[in-house]
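Below is one structure, written out as C-alpha cells; comments come after it.
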Amino acid sequence: MLLFCPCCSNSLTAAEGSRRFNFVCHTCPFKYGITKLVSKKTYPKLKELDDVLGGSAAWANVDATDERCPKCSHPRAYFMQIQTRSADEPMTTFYKCCNHECAHRWRD
C-alpha cells in the first residue's frame, strides 16, 4: 500500500512514534496515525498455457511432421514454432499428436 502526503504529494513511509506507528512525510511535518492493521494481498490470476499460446485456434492451420508421440506412439504430429525467450535463443517447437483420440501436447 502506498500513501501520499496531502501537503507536498511525497510518498509516506511507516515510522515508529511514541507507542504506535505513523505514516510520516520526510519533507514536511505531516503525520498520519495508523489505527488498524493496513495490509492487502491480491494475487494475480495466472493464464492457462493455451491462452498464452493462442488457444485452440492457434492449432487450426499448422503443418504436420514425422515426429513420434511419446504417449501413444503415433508417427505424426502437428507442430508450430514460437519465440518464447529472447531473440538470441532458438525458437521453441510445440507439438500436438495427429491422433485425435490422443491429442497429446509436448514441446521440444
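The values are calculated or read from the model by the stated rules, or taken from the named source; none is laboratory data. As the structure is a computational prediction, the values presented were derived from the model and not from experiment. Backbone-built Cβ (ideal geometry, glycine too); neighbour counts: all protein chains shown.
Yes/no per residue for (1) assigned to a loop (DSSP other than H, G, I, E, B); (2) of a type in the set (A, V, I, L, M, F, W, C); (3) in contact with a helix residue (DSSP H, G or I) (Cβ under 8 Å, 6 or more places away or on another chain):
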{"position": "Leu2", "(1), (2), (3)": "yes, yes, no"}
{"position": "Ala14", "(1), (2), (3)": "no, yes, no"}
{"position": "Arg19", "(1), (2), (3)": "yes, no, no"}
{"position": "Cys28", "(1), (2), (3)": "yes, yes, no"}
{"position": "Thr35", "(1), (2), (3)": "yes, no, no"}
{"position": "Ser39", "(1), (2), (3)": "yes, no, no"}
{"position": "Leu46", "(1), (2), (3)": "yes, yes, no"}
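Scanning for something modelled with pLDDT of 90 or more, among the aliphatic types (A, V, I, L, M) and at negative phi, does the stretch 43-65 turn up at least one residue? Checking the stretch 43-65: at least one residue is modelled with pLDDT of 90 or more, among the aliphatic types (A, V, I, L, M) and at negative phi.
Look at the stretch 70-96: where a residue is farther than 14 Å from Arg107 by Cβ and a partner is surrounded by 12 or more Cβ atoms within 10 Å (Cβ to Cβ) and among the small types (Gly, Ala, Ser), sitting 6+ places away or on another chain with Cβ atoms under 6 Å, you get Arg76/Ala64.
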